[in-house]
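Undergrad: One structure is given below, represented as structure tokens, and several questions about it will come after.
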Amino acid sequence: MSAERTPPSGAVTATGVPTGGTGADGAGAPRPARRLIGVDAARGLALFGMVAVHTLPSWDEQTGDATLSWTLFAGHSAALFATLAGVSLAFASGGRTPRTGRRMTASRWALAGRAGTIALVGFLLGFLELPVSNILIYYGVLFLLAIPFLRLRTRSLLLCAALFALVAPFLMQWSVDVLPGLEYENPSLLDVVLDPGTVLSQLLLTGVYPALPWMAFLLAGLAVGRTDLTSRRVQTLLATIGAAVALLVWSASVLAVQVLGGYEAIAAGTPWMDEAQIDEVMVFGGDPTLPTDTLWWLLVSTPHTNTPFFLLLNVGVALSVLGVCLLLERVAGRILAPLAAAGAMTFTLYTAHLLVLWPEYYDLAPAAWTVGQLVLFTAFALLWRRARGQGPLEVVVTRSTWAISRRVLARGADGTQPPVLSGTAPGPDRTRDPTT
């Protein structure tokens, strides 16, 4: 889902905000920046995965089994999006060294503005009867929740991510029986005005992408963004350790459920479900939450269950994918260029994807609609980037956050430079107009 191409002055970052300039008012020349194509490629892969999950069938009508597209992308693509959003937030708040003082204040206010813009687009899309859940509103809430964590370093962020992954699912399960459930598949601005409590509880705990459990992804990405992502060693560690974590967590979940009696405990604790219904949840997840009769359900790692195993598994998957894409950039940067171009404007393309799905014509030929979207989005991204730079919606985010940053810094009157909200790594420019 998310993301984000030129500000009035300065290059554009991987988070859709300007890199700033050399003068105190931000009007100087932008600092050079080297675009991390691997980050954009990973984000493009997440976008394409969500397109596949939303457009292709999730199960085989003849066998009832999950399809390959569901197995490969369901849950993983959205989690990758959220993790990469955290990486972008690290870039936008100082990179390896978090900003301090008024520059950090400017970054926080810019992030709040960014969250509001993305959430507003999501709420406006809520007036349409979309056939899928819109992640943009949840993204806005995630960004707001991330503001207090921007000053933290890698170890502290990883610890916080682990705490959210381990604690938030229990809070989520408790909330299902206490707070309002999923009343609005895609809430609109009108729903926010008329029923704010229900919308808020849904966005935080009871919705499809509940922000509190999903902070595990955002904070893990923020932690990774505080490392040197241009280092081959870091890239290799991400690829290998991420894969190892994913394999370990998945194995632990399978062992607990299938060997150590977890399945039987779930069946005994949920007597109103027969074996077929339990198996369906084991494959396709909750609707959108898991049954609350027993906490044994938190042992599963099924897509969109938001259990500790699901969260930690997909943190590992996301970090491994990012590491692999960064390593591939070293040897196949040109080959990754189309994927990276789409990943540089995912806010625009994800919104376009939702509008394409809205009439629900894709049910007539899902495979053709999927391929058509991938080809069209890639071609549009390449052509638009060459002609105009940032994507249309990315420009809106960029200009609004740029204006907020300059206003905050100007208020300081202390000669501080505007924040270098860079989504790129230090070094010479690799693209004419870096983008999200």
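Undergrad: Hey, fewest Cβ within 10 Å first, where do Ile266, Ile118, Ile278 land in order?
TA: Ascending number of Cβ neighbours within 10 Å: Ile278, Ile266, Ile118.
Undergrad: Would you pull out the residues with amide H under 5 Å of Trp59's amide H, same chain only if 5 or more places away, H placed 1.01 Å from N?
TA: Amide H neighbours of Trp59: Thr67.
Undergrad: Hey, another quick one. Using helices alone, I'd like the mean residue ellipticity at 222 nm for the chain: each DSSP H run of four-plus residues gives -39500 (n - 2.57), total over residue count, nearest 500.
TA: -20000 deg cm²/dmol
Undergrad: If you don't mind, there's one more thing I want to ask. Provide the per-residue ³J(HN,Hα) series for segment 126-137, in order, calculated from phi with Karplus coefficients 6.51, -1.76, 1.60 and θ = phi - 60°, each as a whole number of Hz, with x at glycine and proline positions.
TA: Couplings: x, 6, 8, 8, 6, x, 10, 7, 8, 7, 4, 5 Hz.
Undergrad: Please order Cys325, Cys160 by the number of other Cβ within 10 Å, starting at the fewest. Display every interim value, and only then the final one.
TA: Values: Cys325 28, Cys160 20.
Taking fewest neighbouring Cβ atoms as first place, the list is Cys160, Cys325.
Undergrad: List Arg407, Arg233 from most exposed to least, where exposure is judged by having the fewest other Cβ atoms within 10 Å.
TA: Least to most surrounded, the residues fall as Arg233, Arg407.
Undergrad: In addition: Just to confirm my numbers, what's the Cα centroid distance between segment 251-275 and segment 56-74 in Å?
TA: Answer, in whole Å: 22.
Coordinate-derived values only; no laboratory data. Just so we're clear, the structure is a prediction, and the values are computed from it rather than from any experiment. As a convention, Cβ positions derive from the backbone with ideal geometry for all residues, glycine included, and neighbour counts pool all protein chains shown.
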